[in-house]
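The values are calculated or read from the model by the stated rules, or taken from the named source; none is laboratory data. In this text, all values refer to a predicted model and were calculated from it rather than measured experimentally. Note that we place each Cβ from the backbone using ideal geometry, even for glycine, and neighbour counts take in every protein chain shown.
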Amino acid sequence: MFVERSPIVAAAVSRLIMAALAILLSSAIAEAGSIVIDEAEMNAIFSQPSFDGTPVSIRFNPPEQIVAPELLVINNLTDLQALYNLAPDPAPTVDAFFVDELNACGSVEPTINGVVVGCAQLPGHVFVEDSSAAELSPATLMGHELGHNLNLEHDFFGALNLMSPFFPHGPELTQEQVATILQSPLVQTDSTGQRFIQITPIAIAAAPEPSTLPLLGAGIGALVIIKTKKKEMRAWCIGY
């Protein structure tokens, strides 16, 4: 169908579309944990000299997203357990969650000005990171939480040690810590004899606001392409 539209109507509908898109995108994208990974540095940590020729390859599955708006901010141990219960993979695969904010953990964990930046099962196969903190030091934070899954305790005496509870910390692991890692059932061996750990990164996200969808549909349905010809404003309307 070919119809005429005045410039005022066309501009109004265009603003409607842009407003709906802005609301929809802010709901679906801004309110989500950001997956932050440094694969090269993670492999460097788990192949440092203390591994003595027995490096462990860190391999990442494709990232996933789980819609759970109530768990974007972890406020207590009930929230934390609910998050862990969402882990889609059984051991030996490790599930790494990313959230907007982490305010509770069952043990003493690295903090920034008193704010918890990560938490992990000890031992286990699930951990969670604060996305903002992960951006500051992605490999050492992930390596630290993975270390807990591998049954490593905190090292309160070495600021450069990966398992120091003071964030940010260093990437170092002692030979004793490496021996503990190699005994973990999370460390697998492939057909070539290479040891590896498989990790699935998972972003927790909020669902889009349902009220924005009719608004967006109305705007797009009303106006798709605006054309100007000989000072006459016209629009093609598409019906579904």
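A few comments on the model shown:
- Test for P168: is it assigned by TED's automatic domain parsing to the domain that holds A139, modelled with pLDDT of 95 or more and of a type outside the set (F, W, Y): no
- Pairs, first modelled with pLDDT under 95 in the stretch 43-56, second not charged (D, E, K, R) and not in a helix (DSSP H, G or I), C-beta under 8 Å, six or more apart: none
- Here S184 meets each of (1) surrounded by fewer than 18 Cβ atoms within 10 Å (Cβ to Cβ); (2) in contact with a strand residue (DSSP E or B) (Cβ under 9 Å, 6 or more places away or on another chain) with one exception, condition (1).
- Filter result for the condition that a residue is over 17 Å from the mean Cα position of the chain (by Cα), surrounded by fewer than 13 Cβ atoms within 10 Å (Cβ to Cβ) and not acidic (D, E), over P55, P49, P88, P62: P49
- Scan of the stretch 143-154 for residues that are acidic (D, E) and surrounded by 20 or more Cβ atoms within 10 Å (Cβ to Cβ), ordered by number: E145
- So V126, is it among the β-branched types (V, I, T), under 18 Å from the mean Cα position of the chain (by Cα) and within 14 Å of A96 (Cβ to Cβ): yes
- Conditions (1) modelled with pLDDT of 95 or more; (2) surrounded by fewer than 16 Cβ atoms within 10 Å (Cβ to Cβ); (3) aromatic (F, W, Y): number failed by Y240: (1)
- Within the stretch 117-130, being under 21 Å from D89 (Cα atoms) and touching an Asp or Glu at 6+ places or on another chain (Cβ under 7 Å) holds for G118, C119, A120, H125, V126, F127, E129, D130.
- For the criterion of being at pLDDT below 95 and not in a helix (DSSP H, G or I), S34 passes.
- Residue within the stretch 150-161 that is in contact with a helix residue (DSSP H, G or I) (Cβ under 8 Å, 6 or more places away or on another chain), touching a residue at least 60 places away in the same chain (Cβ under 8 Å) and not in a strand (DSSP E or B) present: no
- Qualifying residue in the stretch 92-106 (condition: hydrophobic (A, V, I, L, M, F, W, C), farther than 25 Å from R59 by Cβ and surrounded by fewer than 15 Cβ atoms within 10 Å (Cβ to Cβ)): no
- Picking from residues in the stretch 157-197 that are of a type in the set (G, A, S) and within 26 Å of the chain's Cα centre (by Cα), the one that is nearest to P92 (Cα to Cα) is S184.
- Those residues of the stretch 167-178 which are surrounded by 12 or more Cβ atoms within 10 Å (Cβ to Cβ) and over 15 Å from L122 (Cβ atoms), in sequence order: F167, P168, H169, G170, P171, E172, L173, T174, V178
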